[in-house]
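Structure record follows, encoded as structure tokens.
None of the figures in this text is laboratory data; all of them are computed from the coordinates on show. From a predicted model like this one, the values you see are computed outputs, not experimental measurements. Neighbour counts are summed over all protein chains in view; Cβ atoms, including those assigned to glycine, are modelled from backbone coordinates with ideal geometry.
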Amino acid sequence: METILIVAGSGRMLAQAAKHAGLKPLVIDLFADLDMQGYAEDFRQVKSLAEHDLAFVVDYFIERYAVAHAIYGSGFECYPESLHYLSSRLILLGNDPDAFAKQLDKPAFFSTLDALNIPHPDVVFSAPDCVEGWLIKPMQGQGGVEIQRYDGGAVADGLVYWQRFQAGASYSALFLADGQQVQVVGFNRQWPVGLSETQAFVFSGISNNADLSDAHKAVLTDWLKQMVPAFGLKGLNSLDFIHGDGCSYVLEINPRPPASMQLYDQDLLGRHIQACMGTTSVALSPEVGRLKSPPQTGYQVVYAERDLIIPDRFEWPDGCMDLPKPGNMCRAGQPLCSIIAHQKNSRSVAEQLLTKQQLIINKLEGSDRHGIYSQR
């Protein structure tokens with residue numbers, strides 16, 4: 001395999017990883033960011049990840065480059081049927097469409113957790129009698145978008161579910177799976193940002209500093225050893241969970257390569273491909289998860305608070321990624337760019353992320369420092 005097709009809402013992360021793994025990435029995504037273009041052999045921007053927007057472009061890449069394999073990233077939560085189309089045209093290196101769909105079927109997902117005796121916050125699939133203490137979540141959501149506190153308002157049946165609010169800190173576990181076995185790459189701390197009353201828990205950033213005890217990490221690893229075969233998970237995935245009062249509670253699985261893979265200096269995409277193709281069992285991959293003291297790394301998304309047009313010849317500070325093209329309109333609440341920081345300790349990582357964010361604010365807004373949401 002030399003050429004690979006990447007399809008995602010934002011394809012930069014996977015294109016960069018593919019390039020570093022010695023592959024030639026072809027990219028289909030929604031943004032055509034500047035740095036993605038630098039990694040891609042060829043790319044096409046689409047309006048959505050719906051099948052009717054993807055089909056013509058997929059055909060183009062197959063015919064022109066004879067590409068046979070594809071990796072998908074985030075964005076298919078609202079278009080799971082598109083994965084069935086992709087799998088009919090290409091060999092998907094990732095969870096198959098049915099395994100992906102199992103994570104969107106929330107009643108089945110939480111029933112499986114109950115059968116495995118894995119704790120999670122209470123969930124119901126019709127409006128609770130008591131409004132207080134509940135969140136309302138979309139069935140097909142990603143990145144915390146559209147999660148909000150329930151206020152008793154009417155909603156469309158079947159499109160949402162309700163989850164009891166659980167106090168605690170947000171974490172994730174990045175793991176590699178081959179359908180039966182699992183290997184944890186690392187545990188990560190993540191944090192949300194409130195963009196509005198209806199966007200109160202949007203994913204903002206993540207770092208590989210997770211202040212969890214070895215005992216808690218062992219428990220979570222044991223849960224994953226049960227969940228991977230139960231759901232037939234393959235490749236890189238992440239488990240989101242809340243930890244509070246000495247207990248952990250599972251929220252969801254992201255069944256595709258997550259943002260946290262950028263926190264680790266390993267060829268994780270290569271191992272993702274091997275695990276999906278069955279050429280290497282994850283149990284035989286000692287390099288994964290064995291770094292004695294990985295560098296402290298943080299990744300963060302910067303969101304626009306109001307509509308912004310990216311200036312011509314704008315010079316982005318070092319450490320910025322997912323860079324919009326000059327002249328692009330970034331609407332309020334949309335990602336403006338992302339930033340990454342590497343430091344010796346978690347406090348320095350947080351300080352560097354804040355400094356980089358402020359530098360972007362200063363450059364884009366001048367003396368007006370209210371154009372970008374604070375991420376902390």
### Task
Report the extension gain between D129 and A154 in nm, rounded to one decimal, defined as 0.36 nm multiplied by the number of residues separating them, less their alpha carbon distance.
7.7 nm
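Starting from the Kirkwood Rh over alpha-carbon pairs, what translational D in µm² s⁻¹ does segment 29-182 have by Stokes-Einstein at 20 °C and 1.002 mPa s? Numbers along the way, then the final one.
Working: Rh = 18.3 Å.
In µm²/s, the coefficient rounds to 117.
Is the shape of segment 1-66 rounded, prolate or oblate, going by the alpha carbon gyration tensor and its root eigenvalues a ≥ b ≥ c, with a/c under 1.5 for rounded and a/b larger than b/c for prolate?
Details: a/c = 2.14, a/b = 1.24, b/c = 1.73.
Taking the square roots of the gyration eigenvalues as a ≥ b ≥ c, segment 1-66 is oblate.
Scaled to the compact-protein estimate 2.2 N^0.38 Å, what is the alpha-carbon radius of gyration of segment 148-266, rounded to two decimal places?
Values: Rg = 15.4 Å, N = 119, 2.2 N^0.38 = 13.5 Å.
Relative to the rule-of-thumb radius for its length, segment 148-266 sits at 1.14.
Round to the nearest 0.05 the FRET efficiency obtained for A332 and T279 when R0 = 35 Å and r is the Cβ-Cβ distance. Can you show the working numbers first?
Working: r = 46 Å, r/R0 = 1.31.
That gives a FRET efficiency of 0.15.
Go through 346-356, 198-208 and give me the packing order, highest mean Cβ count within 10 Å leading. Let's see the in-between values first.
Numbers: 346-356: 17.5, 198-208: 20.4.
Answer by packing, highest mean first, reads 198-208, 346-356.
Go through 110-119, 182-191, 33-42 and give me the packing order, highest mean Cβ count within 10 Å leading. Walk me through the intermediate numbers first.
Working: 110-119: 14.5, 182-191: 22.1, 33-42: 19.5.
In descending order of packing, they fall as 182-191, 33-42, 110-119.
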### Query
Considering only DSSP beta bridges whose two residues both sit in the chain, what percent are antiparallel, to the nearest 5?
80 percent
#### Entry: Value at 222 nm in deg cm²/dmol, rounded to 500, when DSSP H runs of n ≥ 4 in the chain each add -39,500 (n - 2.57)
-8500 deg cm²/dmol
### Task
Check the straight Cα-Cα distances from K325 and name the lysines below 23 Å, setting aside those fewer than 8 residues away within the same chain.
K19, K24, K47, K356, K363
